[in-house]
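So the structure is just underneath, and the comments pick up after that.
Laboratory data are not the source of any read-out in this text; all were calculated from the coordinates shown. All figures in this text were calculated on a predicted structure; none of them were measured in a lab. Please note: Cβ atoms are built from the backbone with ideal geometry, for glycine as well, and neighbour counts cover all protein chains shown.
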Amino acid sequence: MLRGLDIVVLTALLLALGYIGFLHYRAHRTQRLLARTDDLTQIENRRAFYEGASREFERARRYNHPFTLAYFDVDDFNEVSDRFGHQVGDGVLRLVADTARESIRASDFVARLGADQFALLLPETGANAASAVIRKLQEALRHASRVTGMPLTVSGGVVTCLQPADSLETAIGTADRLLYGARHAGTDSFWFEVVAPQPLEAFEPARLRRPWRLPPAFDLSMPSPQDRRRG
């Protein structure tokens, strides 16, 4: 039988082992969190984004839910950084990250992919809801620009899959292509594209349905009829 002193020693040993295990768990959790966090902006990094995007894409495919993904860049970032210095440039990136994080729901996801490129992941979000998120982000950045006097606008590409795309890489490629178009069309603009089930005649079997893409929507003002006649 254990004596009183032995019980005390055994209890102390078990407590010490338990505490050591807790410290190891906390260190592992902290290390994992740091590996998924962007050092500068303290939002998720590229690795965390692609892990989350893969998980949500498969969930959208399994349950046939909508899925929206957006890429966006800070307009004229290199010029701002060169003119005002890298510290100001870093401050711009932090401000954009904070504004994006405040513009989305708790279930959404924002990450910095690198340099001045960011990504948004909007699970179970259709085209109209995604457009509302982008408008909110743009308005918040315009307000911050007025307050700080800095040119804070972003441009990007948004792809909404009402029916899952062929693969996550296909959706990412579409968002990247739309970002490229928006970036060269002007500042503070987004291009949108929707992947939707193809409308077919009622007699056509459901197994023949294929995804199709609505024409990209361009977030740009159209010229007036007078301007078109002058052209």
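Could you sort 168-174, 59-65 so that the peptide with the highest average Cβ count within 10 Å comes first and the rest follow in order?
In descending order of packing, they fall as 168-174, 59-65.
Residue-wise, which Karplus ³J(HN,Hα) couplings in Hz belong to segment 67-77, taking 6.51 cos²θ - 1.76 cosθ + 1.60, θ = phi - 60°, and x for glycine or proline?
After applying 6.51 cos²θ - 1.76 cosθ + 1.60, I find 8, 10, 9, 9, 10, 8, 10, 7, 5, 6, 5 Hz.
Using a Förster radius of 25 Å, what is the FRET efficiency between residue 76 and residue 35 based on their Cβ-Cβ separation? Nearest 0.05, please.
So, using R0 = 25 Å, E works out to roughly 0.20.
With each label point set 7 Å from Cα along the Cα-Cβ vector, what nm distance links residue 136 and residue 196?
2.4
Rounded to the nearest 0.05, what FRET efficiency do residue 170 and residue 107 give with R0 = 25 Å and r taken as the Cβ-Cβ distance? Could you check? Write out the running numbers ahead of the final one.
Details: r = 23 Å, r/R0 = 0.93.
So the FRET efficiency works out to roughly 0.60.
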